[in-house]
Amino acid sequence: MKYSLFLATLLSGGLLHADVKLPAVFSDHLVLQRDKPVAVWGTADAGEAVTVTFGGQSKQATAGADGAWKVALDALKASAEPTELKVKGKNEVVFKDILVGEVWVCSGQSNMEWTVDKAVNPEQEIPAAHHPKIRLFSVPKAVANEPLKDIAQRPSWQVCSPDTVKSFSAVGYFFGRELNKALDVPIGLINTSWGGTRAEAWTSKPALEAVPSCNAIITAWDEFLKTYNLEKAKADYETATKATKEKIEKIKAENAKPGATQQPVPGAPRPFENQQTTQHRPAVLFNGMVAPIVPYTVKGAIWYQGESNQQRAVQYQTLMPTLIADWRKQWGDELSFYIVQLAGFGNGRTWPQPVGAADTWAELQWAQLQTALRVKKSGVAVANDIGEEKDIHPRNKQEVGRRLALQALVKDYKKKDYQPNGISGGPIFGGASVTGNKIVVSWSNVGGGLAARDGGELKGFIIAGEDKVWKPAKARVVGKQIHVSSEEVKNPVAVRYAWTAWCPEANLINKEGFPASLFRSDKWELSTEGVDSPFAAPKPVVAPAPAPAVPAAKPAEKEAPKALPKAA
């Protein structure tokens, strides 16, 4: 009896009442997307009436049996006038200093996560970052087996300032700064990125399951985890770590001897990862770091990722479009999507490599270009000219952000006058035809014409005949085409450009100054063809020797896949 009276008291006193609540992506200082219906959603008591008020609009909804409610504000005009967003049910929630402009998601792995304080000239960039019309939101790292409805840590939107920008995505910030400068409207940037992660982790499980080559990733993980022994994995890791540390100390000791030839010192072992909970598993980052911000209304996404998928580059030609289609479905909107093509990088090899050697980095760059060409409302920012041979994280994020912004400014915002000839990027391979002993290459995105960056001869082209033996080639501009030939290849059938991870000599640009993407005219097998499992390595594909008298080139040693589960 006493218990029943106590329970009745609780109920009548409202102590079990569920206040109106919105997800963490709503806070003071946020930016709402202009020119689209704006989603506002949250939870309340089942059946509770909720009213959302903003900018003279008032929209109502009733919470369902599960407590969820959602409204759509009518499309808003851009405004830098701070306004309150009010949400009222049995209680009232008020968000202050709300602006209306352009909102973009910034996602990928470490090169997107890379912060402003680690980019070029942080001592100049950070103090100058007083941009009250730019707002920043960072999604904390989180792994989840099912899609989350909210972010547990509940971060807040931040006004861009020297204090807030230094730890924000450099590519995201420089992209947003360029948009703010060109459009003169508020910019909201949502950073959801995690270094070393793979595209499949950022894609929902149903989307992966619907595509055979992507579902193969799920199948491979299921099979791997059936026999995964955590204790054995830890023991193997400790043994391998001890051996690596001993090797490092030995090399350092040898290098310290007078007159010793300096040997490269291996990097320190990575921390142990439990593969049952790792962030590399399919869909877990979509669940933990994308789902909680859906369906927050945005214009589109910028994407810098691919390094961790290079061992399955051909699969990436399907995986990346799958991710884009998935995100568009989740948001219920055909979001614009702009990709950074991987920058030039030595990829742990000794350069130069044999001409035409298999190259997973180049194959991934090609997959990124194919995605941009095949998927509508997308594009690619080529960065092969601003990479660093010894560092997978090139510091010039300013130029990367600028090139991404130009994609959006020309394609989304129709700012064709922002760039000469309305060009948003470099020359794109348009086709090749054989004429006698040369191959004629056609291009799109030529702009004011084709040229060599340094004003000299074009470099970075290779050519091959039916024997698939690649040779360095001479190339010259003829109008809006390039003629490629080699005295060593009398009957050419295929041409490639910049087809190596590290190709600093590649110098083709348009006269607007943008670098050309790598390309290939052939359809010969690539080293990552048919590799769909994250636990498998590419097979070497090496060009045959031109004649028996010439010794066969030794296949380039394939780099072991980075951070793959069976290395744990």
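The values are calculated or read from the model by the stated rules, or taken from the named source; none is laboratory data. Being a predicted model, the structure only gives us computed values, none of them experimental. With ideal geometry, Cβ positions are generated from the backbone for all residues, glycine too; neighbour counts draw on all protein chains shown.
Tabulated results
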read-out: Qualifying positions in the stretch 422-445 - part of a loop (DSSP other than H, G, I, E, B), surrounded by fewer than 22 Cβ atoms within 10 Å (Cβ to Cβ) and touching a residue at least 12 places away in the same chain (Cβ under 8 Å); value: I423, N437, N445
read-out: Residues that are over 19 Å from V284 (Cβ atoms) and without any contact (Cβ under 8 Å) to a residue 40 or more places away in the chain, drawn from the stretch 146-178; value: C160, S161, P162, D163, T164
read-out: Any chance P127 is of a type outside the set (S, T, N, Q) and part of a strand (DSSP E or B); value: no
read-out: Total residues in the stretch 283-327, condition assigned to a helix (DSSP H, G or I) and of a type in the set (G, A, S); value: 5
read-out: Residues that are aromatic (F, W, Y) and modelled with pLDDT of 95 or more, drawn from the stretch 498-553; value: W499, W502, F514, F519, W524
read-out: Filter result for V100 (farther than 29 Å from T278 by Cα, among the β-branched types (V, I, T) and not in a strand (DSSP E or B)); value: no
read-out: Odd one out for L225 among (1) modelled with pLDDT under 95; (2) surrounded by 11 or more Cβ atoms within 10 Å (Cβ to Cβ); value: (1)
read-out: Residue satisfying condition, being under 20 Å from T83 (Cα atoms) and either in contact with a helix residue (DSSP H, G or I) (Cβ under 8 Å, 6 or more places away or on another chain) or modelled with pLDDT of 95 or more (or both), within set A24, A61; value: A24
read-out: Set R395, R374, R402, R453: member being charged (D, E, K, R) and either in the same structural domain as E488 (by TED's automatic domain parsing) or at pLDDT below 95 (or both); value: R453
read-out: Single residue of K329, K390, K377 found to be surrounded by fewer than 19 Cβ atoms within 10 Å (Cβ to Cβ), in contact with a strand residue (DSSP E or B) (Cβ under 7 Å, 6 or more places away or on another chain) and touching a residue at least 12 places away in the same chain (Cβ under 8 Å); value: K377
read-out: Number of positions in the stretch 70-85 that are within 14 Å of V38 (Cα to Cα), buried (at least 16 other Cβ atoms within 10 Å of the Cβ) and either touching a Cys at 6+ places or on another chain (Cβ under 9 Å) or not small (G, A, S) (or both); value: 4
read-out: Selection status of T83, of a type in the set (S, T, Y) and in contact with a helix residue (DSSP H, G or I) (Cβ under 9 Å, 6 or more places away or on another chain); value: no
read-out: Residue identified as of a type in the set (K, R) and within 30 Å of W194 (Cα to Cα) among K88, K77, K59, K70; value: K70
read-out: Residue in the stretch 180-196 that is surrounded by 14 or more Cβ atoms within 10 Å (Cβ to Cβ), on the phi > 0 side of the Ramachandran plot and in contact with a helix residue (DSSP H, G or I) (Cβ under 8 Å, 6 or more places away or on another chain) present; value: yes
read-out: Residue count for the stretch 28-69, restricted to those that are surrounded by fewer than 14 Cβ atoms within 10 Å (Cβ to Cβ) and part of a strand (DSSP E or B); value: 4
read-out: Selected residue (only one of S336, S378 is within 28 Å of S533 (Cβ to Cβ) and touching a helix residue (DSSP H, G or I) at 6+ places or on another chain (Cβ under 9 Å)); value: S378
read-out: Filtered residue count, the stretch 485-542, keeping only those that are touching a Pro at 6+ places or on another chain (Cβ under 6 Å), closer than 19 Å to V446 by Cα and not in a strand (DSSP E or B); value: 2
read-out: Sole exception among (1) within 22 Å of R312 (Cα to Cα); (2) part of a helix (DSSP H, G or I) for A383, by number; value: (2)
read-out: Scope the stretch 90-102; condition in contact with a strand residue (DSSP E or B) (Cβ under 7 Å, 6 or more places away or on another chain) and either more than 30 Å from E48 (Cα to Cα) or surrounded by fewer than 23 Cβ atoms within 10 Å (Cβ to Cβ) (or both); matching residues; value: E92, V93, V94, F95, K96, D97, G101, E102
read-out: Counted residues, the stretch 350-376 - those being in a loop (DSSP other than H, G, I, E, B) and either within 16 Å of R520 (Cα to Cα) or within 17 Å of the chain's Cα centre (by Cα) (or both); value: 6
read-out: Of residues in the stretch 7-21 being on the phi < 0 side of the Ramachandran plot and assigned to a loop (DSSP other than H, G, I, E, B), the one modelled with the lowest pLDDT; value: L15
read-out: Residue ranges of helices (runs of 4 or more DSSP H) in the stretch 198-273 with at least 3 members under 26 Å from the mean Cα position of the chain (by Cα) and under 30 Å from N287 (Cβ atoms); value: 205-209, 212-226
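Residue-wise test of (1) closer than 26 Å to E389 by Cα; (2) at pLDDT 95 or above; (3) crowded, with 24+ Cβ neighbours inside 10 Å.
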{"site": "I248", "(1), (2), (3)": "yes, no, no"}
{"site": "Q263", "(1), (2), (3)": "yes, no, no"}
{"site": "R270", "(1), (2), (3)": "yes, no, no"}
{"site": "I293", "(1), (2), (3)": "no, yes, no"}
{"site": "Q310", "(1), (2), (3)": "yes, yes, yes"}
{"site": "T322", "(1), (2), (3)": "no, yes, no"}
{"site": "Y338", "(1), (2), (3)": "yes, yes, yes"}
{"site": "L342", "(1), (2), (3)": "yes, yes, yes"}
{"site": "F345", "(1), (2), (3)": "yes, yes, no"}
